[in-house]
Amino acid sequence: MNTGNTPTSSASSLVPHTQPRRAIRELPDELISQIAAGEVVERPASVVRELVDNALDAASRNIVVRLQAGGVRLIAVEDDGFGIPRDELTTALKRHSTSKISNLQELESVGTMGFRGEALAAIASIAEVSLLSRTADAAHGWLLNARFGDLQAAPRTTGTTVEVRELFYATPARRKFLKSDATELAHCLEAVRRHALARPDVGFTVWHDGKLLEQWRACVQDDGDTALAQRLGDVLSDDFLAESLPVRREGSAVHVWGRIGLPDVARARADRQFAYVNGRYVRDKVISHAVRSAFEDVLHGHKQPVYALFIDIDPARVDVNVHPTKIEVRFRDGREVHQAVRQALDAALAAPRAGADNAPAPAPITFATPTPTAQPPIGATTSEHLPGFWSVPVASAAAFQTPQRPRDDVIGHQVRDLQALWRPTAAHLEQPPVEHPSDLWPLGRAIAQLHGIYILAENAQGLVLVDMHAAHERIVYEKLKQQVGVQADRPLPSQPLLIPATFAATPTEVATAETCIDTLTQLGLDIAPFSAQTLAVRTVPSTLAQGDAVELARSVLAELAQHDAATVVQRAHNELLATMACHGAVRANRKLTLEEMNALLRQMEHTERSDQCNHGRPTWRQLSLKELDGLFLRGR
Ligand code: ADP
Ligand code: MG
């Protein structure tokens, strides 16, 4: 504003800063509503949201939304709810009039979408509004014209129709802010979509300019997961459904459920993120941060995860009266919610998945209950039935079985398993071979290596293709993370090199090695100056003992140089581990024996999040027999 003392410039005539004092007066009702409308109604989609909220609060089973010109010319919402009695119609349009709460106590535990009693009044102050409603016990409906206040009898089945015409006609300045009809229509549709995902039990229909745009039928299933799955398929496409995972965490205070998209269907825009608190669509930092952190190391670049998540929480533990549009909420204990969401997603993402992308998902592999069926030897049946020429050597193959153990045990044994992966030890030969068909392995039996990059395996569904570097990298990374987690403050288990590996280092590398000595020790690395321009690597993490020590040292130093050495926070820590894993993982073009390939497949089955590499790319794909048949036009 003008801060000068001379009110003579041309700007001062536009921005008068010296106004004669006027008497204090109460604002007229109409103006109060118009001011309130500025907060509640930003665009046609806001009206759609408020009217559908009201229809849902009236226990409707079917809701029809009719729009014209992107909602600017007309928004009509028709429902079959319990209606409004004749003598309450006029009150419904008044400011601060509601049937939903009557005291503070009810506000604190409100279960309806509305409660502020201002939406209809606000909308009526900036548009032409009419209400047509009939309750079940009335002989006919009543029509109220908001502008003239006249009531007349009109035909109607039980329910309510609210018509809103010429939005912002009274406030042309606001109207100018509207975008094209197509854009406004898209926003209106998104508003209906948000409601529809939360209420699969209600049918929704949307018309635009006389054309049917969307119709989502009510789902009759009692089971919430099934109903949600059906509605998600209808509203967001069947692809979303096929490429998503169920989430469910029953907590004592916070209950989290819904579906999340697989990391490889994450999108460039955050346009498929639906979060609900007690059935209300919200945009909330606590929730979105928890989701992001769960996806952190399976998501590629800046991709946005896809999800429909429902958080059910005691209404007394969340304040919904934070924002007029109620799109923001305040949790009494944000940490509790963050943790619940994070844990729910971690569990969903970590469960190793098997089977074809579009086949029904087989039962998840659980570590907790060891079953004897999970330890078949490799190639046992094949070698018996195939001529010797094609057979797999059974004795050596059997050496690589990875018996399933309770989970903690698996963690404890993984160092050995990983080493055994590349260097078979006699210990493994002691396991007695057990007769079992190899199709019990979700990722199947290795049959070949392709171009030094892919492993081909045969499972019950058909062909499995594995990116061996990506898969092994994930296994090593998860292993390192577990070691860090289990060890708390103790360094990663390390192993001295027989002959220290020296390399010519840059001044930055030498300086970083000196300043980050504690972090390096923590990571199981001993990198010390050998001369002014030489560094020597003396110890490496045992898990990475097979890799190139110099390359490992170089990339860790490069990464450390970018961070504030004193505070290598969790995130940076994981990045470091990922870098290290990349070096520890088997390189492309390394010829693997069938035994090594099978060992890798079994490791994948036992490793959390093994379906994506550390950069969010898939590590394996299933080609079903049906898809293969399709390639050859079989059975047509
Ligand atoms: P709020 O929803 O916050 O109560 P509104 O201004 O949106 O405030 O609505 C005012 C009142 O009008 C509601 O409390 C409700 O009693 C009634 N009402 C509005 N729309 C409907 C509807 N579709 N069916 C039944 N009653 C309705
Ligand atoms: Mg309302």
Note to self: Run the numbers for GLN19 and ARG217: contour at 0.36 nm per residue of separation, minus the present Cα-Cα distance, in nm.
What the structure shows: 65.4 nm
Checklist line | With DNA, RNA and ligands ignored, accessible area of LYS481 (1.4 Å probe; Å², nearest 10) | finding: 40
Check: At a Förster radius of 51 Å, what calculated FRET efficiency corresponds to the Cβ-Cβ distance of GLU190 and ALA504, to the nearest 0.05?
Finding: 0.30
Notebook entry, point to check: Using alpha-carbon pairs under 8 Å, 6+ residues apart, how would you state the relative contact order of the range 58-122 in percent?
Noted result: 26
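Using Cα-Cα distances under 8 Å and only pairs 6 or more residues apart, what relative contact order does the range 84-218 have, in percent?
Once divided by the residue count of the range 84-218, the mean separation gives 17 percent.
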Notebook entry, point to check: Once you list every other residue whose beta carbon is under 13 Å from the beta carbon of ASP548, what net charge do they have if Lys and Arg are +1 and Asp and Glu are -1?
Noted result: +2
Check: By a straight-distance test (C-alpha under 12 Å), which aspartates and glutamates pair with LYS303 as possible cross-link partners, with residues fewer than eight away in the same chain excluded?
Finding: ASP264, ASP271
Checklist line | Cα→Cβ-extended label distance, 7 Å offset, between PHE530 and GLU108, nm | finding: 7.0
Check: Whose amide H sits under 5 Å from the amide H of SER244, counting only residues 5 or more places off or on another chain, with H placed in the peptide plane?
Finding: LEU262
Check: Which ³J(HN,Hα) values, rounded to whole Hz and listed in residue order, are derived for the range 472-479 from phi using the Karplus coefficients 6.51, -1.76 and 1.60 in 6.51 cos²θ - 1.76 cosθ + 1.60 with θ = phi - 60°, glycine and proline given as x?
Finding: 5, 4, 5, 4, 5, 4, 4, 4
Note to self: What does the charge count around ALA153 come to, taking other residues whose C-beta lies under 12 Å from its C-beta (Lys +1, Arg +1, Asp -1, Glu -1)?
What the structure shows: +2
Next item on the list: Express in nm, to one decimal, how much length is gained between LYS179 and ASN589 on full extension, taking 0.36 nm for each residue of separation and deducting their alpha carbon distance.
Entry: 142.1 nm
Checklist line | Cβ-defined net charge surrounding MET580, 12 Å radius [Lys, Arg +1; Asp, Glu -1] | finding: -2
Check: For the range 244-256, in order, what is each residue's ³J(HN,Hα) by Karplus, 6.51 cos²θ - 1.76 cosθ + 1.60 with θ = phi - 60°, in whole Hz (x at glycine and Pro)?
Finding: 10, 10, x, 10, 7, 9, 8, x, 5, 9, 10, 10, 10
Checklist line | FRET efficiency for ARG634 and ASP238, using Cβ-Cβ distance with R0 set to 22 Å, rounded to 0.05 | finding: 0.35
Notebook entry, point to check: Mind checking which aspartates and glutamates have their C-alpha under 19 Å from LYS100, skipping anything on the same chain fewer than 8 residues away?
Noted result: GLU50, ASP53, ASP57, ASP79, ASP80, ASP87, GLU88, GLU108, GLU118, ASP314, ASP319
Notebook entry, point to check: So what's the range 129-286 giving for Cα Rg divided by 2.2 N^0.38 Å, two decimals?
Noted result: 1.31
Margin query: Given the whole protein assembly as supplied and a 1.4 Å probe, what does the accessible area of LEU592 come to in Å², nearest 10?
Written below: 20
Check: Can you list the residues, at least 5 places off or on another chain, whose amide H is less than 5 Å from the amide H of HIS208, using H built in the peptide plane?
Finding: LEU67, LEU213
Notebook entry, point to check: Modelled label-to-label distance, ALA351 and LYS94, 7 Å Cα→beta-carbon offset: nm?
Noted result: 5.3
Checklist line | Cut-off under 5 Å, modelled amide H: who pairs with VAL277 long-range | finding: VAL282, ILE311
Item checked: Gain upon complete extension [ARG248, TYR169; 0.36 nm per residue less C-alpha separation] -> 23.8 nm
Notebook entry, point to check: Considering only Cα-Cα distances, which of the following residue pairs are longer than 32 Å: LYS179/LYS326; LYS591/LYS626; LYS94/LYS285?
Noted result: LYS94/LYS285
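The values are calculated or read from the model by the stated rules, or taken from the named source; none is laboratory data. Computed from a predicted model, the values in this text were never measured in an experiment. All Cβ positions, even for glycine, are placed from backbone atoms using ideal geometry, and neighbour counts span all protein chains on display. The protein model used for the area step is the full one, side chains on, heavy atoms only, and it has no ligands, DNA or RNA in it. Shrake-Rupley method; radii C 1.70, N 1.55, O 1.52, S 1.80 Å.
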